[in-house]
2 protein chains.
Amino acid sequence: MKNQVNLSAFGSAFKGAFATPPTSNRCAPKVKCRLPSDSKLRDNLEAIFDELPITNGMTLSFHHHFRNGDSLVNQVLDIAARRGLKQLRIALSSVFPVHAPMVEHFKNQTVTHLDTDYMSGPVAEAVSLGVLANPVMMRTHGGRARAIECGDLHIDVAFIAAPTADAYGNLNGTEGPTACGSLGYAFPDAEYADKVVAVTDTLVAYPLQKISIPQTRVDYVVTLPSIGDPKGIVSGTTKVTKDPVQLRIASLAAQAIEASGLLKNGFAFQTGAGGASLAVAHYLRKVMKAQSIVGSFALGGITGYLVSMLEEGLFERLIDVQGFDLDAVRSLQTNPNHLEVGAAMYASPFNSGSVVNQLDCVVLGATEMDTQFNVNVVTGSNGFIMGGSGGHSDAAAGAKLTIVTANLIRGRLPILRDEIVTITTPGETVDVLVTEYGLAVNPRRTDLIERFSACGLPMMTIDEMKTLAEDIAGVPEPIAMTDKVVAVVEYRDGSIIDVVYKPEVKI
Amino acid sequence: MKNQVNLSAFGSAFKGAFATPPTSNRCAPKVKCRLPSDSKLRDNLEAIFDELPITNGMTLSFHHHFRNGDSLVNQVLDIAARRGLKQLRIALSSVFPVHAPMVEHFKNQTVTHLDTDYMSGPVAEAVSLGVLANPVMMRTHGGRARAIECGDLHIDVAFIAAPTADAYGNLNGTEGPTACGSLGYAFPDAEYADKVVAVTDTLVAYPLQKISIPQTRVDYVVTLPSIGDPKGIVSGTTKVTKDPVQLRIASLAAQAIEASGLLKNGFAFQTGAGGASLAVAHYLRKVMKAQSIVGSFALGGITGYLVSMLEEGLFERLIDVQGFDLDAVRSLQTNPNHLEVGAAMYASPFNSGSVVNQLDCVVLGATEMDTQFNVNVVTGSNGFIMGGSGGHSDAAAGAKLTIVTANLIRGRLPILRDEIVTITTPGETVDVLVTEYGLAVNPRRTDLIERFSACGLPMMTIDEMKTLAEDIAGVPEPIAMTDKVVAVVEYRDGSIIDVVYKPEVKI
């Protein structure tokens, strides 16, 4: 049974998706200065540890554009551990299986705090089991940018894996043998960290032509033999699914989008990288082609599928905060309609308007959902952390139409529950659940219910859908959990929307 | 006779070009928030005055990329005056003759403070005559960016004249019928002002392809029939001089650059837009072509002459903070090797390194110079303000070789004086004075004296050159000045390097 959570013990409790307007000022980092003769070049990371210096208790930040091909985090933490550093806070925008060595650093207290937006693999498992000294702070991608800009996440040293750099610290991710595409998640780190260390394997003559992160914020440029393996960017499938159930869900979702009235010239769209999400794009593409609809932009993590839609003229622009495959990397390098944006411009709730605010429609996933349309994408049905919001809550809050697609029954368990393990995205920002059995529309959206009815789409209430699921698969047993909090889930505005408990593990 | 100046009455007195490291933090503006449904579009400036609202005593900022073709400043100040607003501070990066209506606003106290980096025309004359209630704060282009970033110049409302905008506030200067090129001087204003108002005559579909200033900092987008006349960008000549004395000076300067050893592959260069400055580029171009030298970049205000050198492959990049003619505008729009930078990246002394730090050589002008190599570019020989540092002091401080070119005798007066009317750029950052009679090298630069001697360049000491000038033209009478301070000249680091007094005017 889920414990009663006293969220206010962990910060200001969530009050509603738009109920906490900002009251703070932006973070005000120390002003820096470089004499004209200063050189920023260093040829190893140890020199950086000595020179800054990096000391116990510091916050080191990293970005995740290399995804499961990243090697910089492990290199830096190995040095930290060898030097006997303790109590570091690691602010890594997402954690992947490649970061498994971090578990040892948790155990020896080299790392005692972790801030991230998503985690999977051994680190997520270790966190779930309580190996890290303190609860992980889990944010959204936009919320991380906000936390950095507002000073909630103060970064002592930002490390930026830069596929190409010049000696004065101008950086991009699109050139060089290890090009990873957008560096968008590192933009806030570069802008607000006390010290910024760029790490590159490809140094080019000054000045770099295409500058994603400028020299004005970069203090050191370290050259290393390798910063990561871009083949690791592609984690999982980025091809349209062939599963017939997922295809039916995707087809229904596309029909819902069409019925919403939003699918017309200027349509702005975001979807995930998985095969089921891409299947929605696949169906939309057919409609857009048939009706000669030209969308304004597709947003988010960018896949080759969206690149092909750009190249076919079905979207005017791609807006890219991270590349999900090498087609996306190539397109960002060569296509002027493929725009790179930072995490704050992508999704922060607290600036003069991020791109998610301009979305017509976003298609998102869920591991669980309750009848209030609250979504869990942090924990799996076993209570273990296996993901995180990423841009989930951000896009849901921004888009005019937020659709969650999911198999109603997954692993023999209904995804609809009375109570979900972790609330990631509040139901007030979710409009439609699409499953293989039809659509359930948030009762707030009477306009959508009317439109979907008029088009004859198969609808039922969320309660009816939950009953149907339970008729098929039964009511699942609640997960047994301990009272140890292993992660705090922060909503994009900085309020605390939920916490994650360590599950009870039967040995 | 020049009065003895107590600089510390106006701020921290200048102590040396690199003697005042930063101790402050960056400015921390209030965090903003826009709901997804908010619209930023307004169809007139009056709505902005009402909505913000703009009130007495506020600081309104503007940029000068339209130069003498600007119309936004006059439009905004006309509204302010009609509304009876008083005590406004105008932070306009440069003031041109087109801004003459501002004089009336000085007189009726609508405007009581002015911050600028350069001024010419009726406003400069009025300021010199003491019409403005308070001394003008004169900064360098890099110093203005620093002052904004560090909070010394707090901007309530930044107005940005944007030749092209989308409805959510993404802006550029390179597209549309009134394209003016780079918007670099407006970057700090957009980043740190409390409110940012973009004003455009060309609204395009969201999202703009080439984004110079992003939506995340822009609060309103106002559409107006006209924001300026790009033909006014070209103020004065941007063609190579045909004057034989200026050509001799330019030739000597080019020979000095060649003799310095800096003119080789990777050469980084800045020069002004005037005919004499371009003549130096003209001679360098010949040498670079003859010796197959490819420079890395040319910097600063960009002219068609530098564009042609880029297109000929004599430089790898142009780095552009403002366009000086329509060829520069066209090139920035179309050539990926022509980079737009903001004022802080161009020239601020207080960040992790601005582009001026990477200059090999800059060629600058002077209205006067003393035997310590201190340069005046603020006041003319009559004591009236007729210019300003712009990027003069910034480039001088950054470049490895700073050359001042000037006719030794101008208007029958020697440019070398025992005491100059206004110190703009400190002599420690100036290496060589080139006149039609030869070179005078700063004694600090024994390396240059050796190199120039080895090449047989005509040299004399600065004292010898001053004596020569006085032999030809006599010792000029000092200008009679009152004790009323009409302008304070701030060095790029925020210290006060000089003040300007109102000259005595014989009626």
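Values in this text are rule-based calculations from the coordinates and carry no lab data. Note that this is a predicted model, so its numbers are computed, not measured. Because the Cβ atoms are built from the backbone with ideal geometry, glycine has one as well, and the counts that use them run over all protein chains shown.
Using a 10 Å cut-off around each Cβ of peptide B:99-108, what is the average number of partner chain Cβ atoms that fall inside? What the average comes to for B:99-108 is 0. For the stretch B:77-124, the C-alpha radius of gyration sits at 1.05 times the compact-globule guess of 2.2 N^0.38 Å, with N the residue count. Ordering A:Ile227, A:Gly266, A:Gly301 by the projection of their Cα atoms onto the charge dipole of the stretch A:200-333, which places +1 on the Cβ of Lys and Arg and -1 on the Cβ of Asp and Glu, puts A:Gly266 at the extreme positive end.
Per the Debye formula on identical point scatterers at the alpha carbon atoms of the stretch A:82-212, with no solvent, log10 I(q)/I(0) at q = 0.09 Å⁻¹ is -0.29. Indicate the gyration tensor shape class of chain A (rounded, prolate or oblate), computed on the Cα atoms with a ≥ b ≥ c the square roots of the eigenvalues: a/c under 1.5 is rounded; otherwise a/b larger than b/c is prolate and the rest oblate. Taking the square roots of the gyration eigenvalues as a ≥ b ≥ c, chain A is oblate. From the square roots a ≥ b ≥ c of the eigenvalues of the alpha-carbon gyration tensor of the stretch B:1-114, which class results: rounded (a/c under 1.5), prolate (a/b over b/c), or oblate? It comes out oblate by the Cα gyration axes.
Under the convention that each Lys and Arg Cβ holds +1 and each Asp and Glu Cβ holds -1, the size of the dipole of the stretch A:244-479 around its Cα centre is about 480 debye. Roughly what % of DSSP beta bridges within the protein assembly as shown run antiparallel, to the nearest 5? Bridges in the protein assembly as shown that DSSP calls antiparallel: roughly 25 percent. Within straight-line reach of B:Lys30, meaning a Cα separation under 12 Å, sit the following aspartates and glutamates at least 8 residues removed in sequence or on another chain: A:Glu149, B:Asp156, B:Glu191, B:Asp194. For A:Ala133 and A:Gln372, FRET efficiency with R0 = 51 Å and r from the beta-carbon atoms, rounded to 0.05? Calculated value: 0.90.
For chain B, the antiparallel share of DSSP beta bridges with both residues in that region comes to about 25%. For a distance above 19 Å, tell me the whole-number percent of Cα pairs in the stretch A:1-59 that qualify. Percent of Cα pairs beyond 19 Å in the stretch A:1-59: 67. In order along the stretch A:34-43, the Karplus-derived 3J(HN,Hα) couplings, from 6.51 cos²θ - 1.76 cosθ + 1.60 at θ = phi - 60°, round to 10, 6, x, 8, 4, 10, 9, 6, 9, 10 Hz, and Gly and Pro are given as x.
Neighbouring Cβ atoms from other chains, within 10 Å of the Cβ of residues in A:206-215, number 5 on average.
When the Cα positions of B:Ala253, A:Ser12, A:Leu92 are compared along the charge dipole of the protein assembly as shown, B:Ala253 comes out farthest toward the positive end, with charges on each C-beta of Lys, Arg, Asp and Glu.
Axis between A and B by rotation; chain A residue with nearest Cβ and distance in whole Å recorded as A:Ala28, 2.
The protection proxy used here, the mean number of other Cβ atoms lying within 10 Å of each residue, ranks peptides A:366-374, B:485-493, B:391-399 as follows, highest first: B:391-399, B:485-493, A:366-374.
Averaged over peptide A:333-342, the number of partner chain Cβ atoms lying within 10 Å of each residue's Cβ comes to 2. Taking the alpha-carbon distance from A:Lys502 and a cut-off under 23 Å, which lysines remain once sequence neighbours fewer than 8 residues away in the same chain are dropped? Correct list for A:Lys502: A:Lys2, A:Lys107, A:Lys484.
Classify the stretch A:344-488 from the C-alpha gyration tensor, please: rounded if a/c falls under 1.5, else prolate or oblate depending on whether a/b exceeds b/c. Since a/c reaches 1.5 but b/c is at least a/b, the shape of the stretch A:344-488 is classed as oblate.
The charge dipole of chain B, taken about its Cα centre with unit charges on the Cβ atoms of Lys, Arg (+1), Asp and Glu (-1) only, comes to about 200 debye. In straight-distance terms, cross-link reach from B:Lys286 covers every one of the aspartates and glutamates whose alpha-carbon lies under 20 Å from its own, apart from those fewer than eight places away in the same chain; here that gives B:Asp243, B:Glu258, B:Glu311, B:Glu312, B:Glu316, B:Asp360. Distance from the C-alpha centroid of the stretch B:412-469 to that of the stretch A:327-369: 56 Å, rounded to the whole angstrom.
If you model the protein assembly as shown as an ellipsoid using its alpha carbon gyration tensor, with each semi-axis the square root of five times an eigenvalue, the axes come out at 56, 30, 25 Å, biggest first.
Position B:Gly474: other-copy label points at 11.3 nm, ordered by increasing distance, label point 7 Å along Cα→C-beta.
Only Lys, Arg, Asp and Glu carry charge here, each on its Cβ (+1 for the first two, -1 for the last two); on that basis the protein assembly as shown has a dipole of about 140 debye about its Cα centre. Expressed to the nearest 5 percent, the antiparallel share of DSSP beta bridges inside the stretch B:309-413 is 35 percent.
Candidates A:Thr200, A:Pro135, A:Gly151 compared by Cα position along the dipole of the stretch A:88-204: farthest toward the positive end lies A:Pro135, with charges placed on Cβ.
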